[in-house]
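Notes follow once the structure below has been shown.
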Amino acid sequence: MKRFHLDPGMTNMRGVFYPTGHMVLMFPSAEDARHAAELLQRDGVAEDDLSIATPAEFEAQVADASDDYDDLLLPSVGTEGETARRFRSLAREGHHALIVHASARLSSDHVLDVLRDTHISYGQRYRFLVIEDLV
C-alpha cells in the first residue's frame with residue numbers, strides 16, 4: 001500500500017484540503033487503518049487506489065491555507081475548512097488516515113458496509129462541490 005501524498009488536485013482554490021473523488025477515513029490506530037485497507041482490497045479495490053498516512057504525515061499535509069484566512073472576512077460557501085481542521089485535530093490525537101480513491105462504481109454505502117466491523121472514527125467522501133458525511 002502506498003503512502004499518502006497530497007497531490008495538487010486535492011485542494012480547492014484557497015489551498016484547503018478538498019480531495020475530490022476520494023473518501024478520507026480516520027481510524028484510532030495504524031492496525032485499524034491497515035485492516036480496513038485489507039478488507040477493501042479483498043472486496044476488489046485496487047491497491048493503487050488506497051493510501052495510508054500516519055498522524056504526523058496526514059496533519060502536515062492537510063495543513064491548509066484556511067488558517068491564513070481566519071482573521072479575514074472572506075465569504076465561504078462550504079465547510080471544507082472546518083472539515084480539514086477536524087481531520088487535523090484527529091491526527092493530533094493519534095488517528096491514522098486511509099484515503100480511498102472512490103470511482104463512481106464504489107458507493108459510500110458499499111464501503112461502509114465492507115468496513116462495518118472496523119473502528120472508523122470519522123469519514124468524508126469528497127465529490128464535486130459536496131462533502132458527504134460518512135461517519
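The values are calculated or read from the model by the stated rules, or taken from the named source; none is laboratory data. For clarity, every value in this text was computed on a predicted model and none was experimentally measured. Please note: Cβ atoms are built from the backbone with ideal geometry, for glycine as well, and neighbour counts cover all protein chains shown.
Numerical summary
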{"quantity": "Enumeration of residues in the range 1-20 that are among the aliphatic types (A, V, I, L, M), assigned to a loop (DSSP other than H, G, I, E, B) and either touching a residue at least 40 places away in the same chain (Cβ under 8 Å) or crowded, with 16+ Cβ neighbours inside 10 Å (or both)", "calculated": "1, 6, 16"}
{"quantity": "Residue within the range 105-112 that is hydrophobic (A, V, I, L, M, F, W, C) and either in contact with a helix residue (DSSP H, G or I) (Cβ under 6 Å, 6 or more places away or on another chain) or under 15 Å from residue 17 (Cβ atoms) (or both) present", "calculated": "no"}
{"quantity": "Every residue from the range 103-135 that is closer than 23 Å to residue 31 by Cβ and in a loop (DSSP other than H, G, I, E, B)", "calculated": "115, 116, 117, 118, 119, 120, 121, 134, 135"}
{"quantity": "Looking only at the range 48-92, and only at residues there that are surrounded by 17 or more Cβ atoms within 10 Å (Cβ to Cβ) and assigned to a loop (DSSP other than H, G, I, E, B), the one that is modelled with the highest pLDDT", "calculated": "54"}
{"quantity": "Any hit, the range 25-39, residues being more than 15 Å from residue 121 (Cα to Cα) and surrounded by fewer than 19 Cβ atoms within 10 Å (Cβ to Cβ)", "calculated": "yes"}
